[in-house]
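Student: One structure is given below, represented as structure tokens, and several questions about it will come after.
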Amino acid sequence: MLNARKGIAAVLAAMLASGPAPVAAHPHIFIDTGLEIIFDAEGRLTHVKVTWNYDDLYSLLLAEDYKVDADGDGSLTPEERKELTGFDADWVQGYAGDLEAVLDGQILKLSRPIEPTADMVDGRIISTHLREVVGAPILSGDPISFKAFDPTYYTAYDMTLPVTITGRDDCKILRIEPDIDGQLAQMQAQLLTLDANADLEENDIPLIGGDFATDIRVTCPAL
């Protein structure tokens, strides 16, 4: 799905470049994403394990920055793996980790990343981390929504890797794909109403990352 996301990026770049004001609202980093939704023995939602598989170009830049894969074989030695582990888990204060979990209309609080891993497979860097779900809610029929997105859309997350559930076998997963064409048309219509000197923030032009995110909804019956 990287090609599809890059196609969206190209459309956005062309549309925004021709708009009334300069906007940097198209992705530069592409990440294939997967989730493991983890329940404890009592059926409480305790953790989400996140997998990020970076695109080829950004993986190359990361490898150069961290001086790994010096032989260019597309894989890491144990020492290189250790050196890279945690490279994307040292988050600045206030960063939400580009993952949103919503239950009963409320955004759940997730911990900072724990137990990070990093590796390289076929030249692409792949990392994982765990996030604790604060309060460990018990799902009882109402769906919980998971969306992986960067609000600014500088990074595009594509839910192409597996989404799995651990700890319960009575839950169902529903994927709701974004209406890409509709969102692009809506943004273009908003931009066309502005003049060349318009301030986008003052005109309520929204952050668009969430509009292009796959909505993963998990429903579990009451225990």
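Student: Where in the stretch 95-188 are the strands (runs of 3 or more DSSP E), entirely inside, with at least 1 residues that are open to solvent by 40 Å² or more (accessible area, probe 1.4 Å) and of a type in the set (Val, Ile, Thr)?
Tutor: 114-121, 124-132, 163-166, 172-176
Student: Given the condition farther than 16 Å from Thr51 by Cα, outside any loop (DSSP other than H, G, I, E, B), open to solvent by less than 80 Å² (accessible area, probe 1.4 Å) and modelled with pLDDT under 85, answer yes or no: does some residue in the stretch 191-199 qualify?
Tutor: The answer is yes, given that some residue of the stretch 191-199 is farther than 16 Å from Thr51 by Cα, outside any loop (DSSP other than H, G, I, E, B), open to solvent by less than 80 Å² (accessible area, probe 1.4 Å) and modelled with pLDDT under 85.
Student: Kindly indicate whether any position in the stretch 35-51 is modelled with pLDDT of 65 or more, farther than 30 Å from Gly141 by Cβ, in a strand (DSSP E or B) and in contact with an Asp or Glu (Cβ under 8 Å, 6 or more places away or on another chain).
Tutor: no
Student: Name the single residue that is nearest to Ser127 (Cα to Cα) among those in the stretch 52-76 being part of a helix (DSSP H, G or I) and among the small types (Gly, Ala, Ser).
Tutor: It comes out as Ser59.
Student: Among the residues of the stretch 61-72, is any within 17 Å of Ser111 (Cα to Cα), open to solvent by 50 Å² or more (accessible area, probe 1.4 Å) and over 22 Å from the mean Cα position of the chain (by Cα)?
Tutor: no
Student: For Thr152, which of the numbered conditions (1) modelled with pLDDT under 80; (2) polar (S, T, N, Q); (3) closer than 26 Å to Trp52 by Cα fails to hold?
Tutor: Only one criterion in (1) modelled with pLDDT under 80; (2) polar (S, T, N, Q); (3) closer than 26 Å to Trp52 by Cα is unmet by Thr152, namely (1).
The values are calculated or read from the model by the stated rules, or taken from the named source; none is laboratory data. Nothing here was measured: the structure is a model prediction, and the numbers come from that model. With ideal geometry, Cβ positions are generated from the backbone for all residues, glycine too; neighbour counts draw on all protein chains shown. Keep in mind that these areas ignore ligands, DNA and RNA; they rest on the heavy atoms of the full protein, side chains included. Shrake-Rupley method; radii C 1.70, N 1.55, O 1.52, S 1.80 Å.
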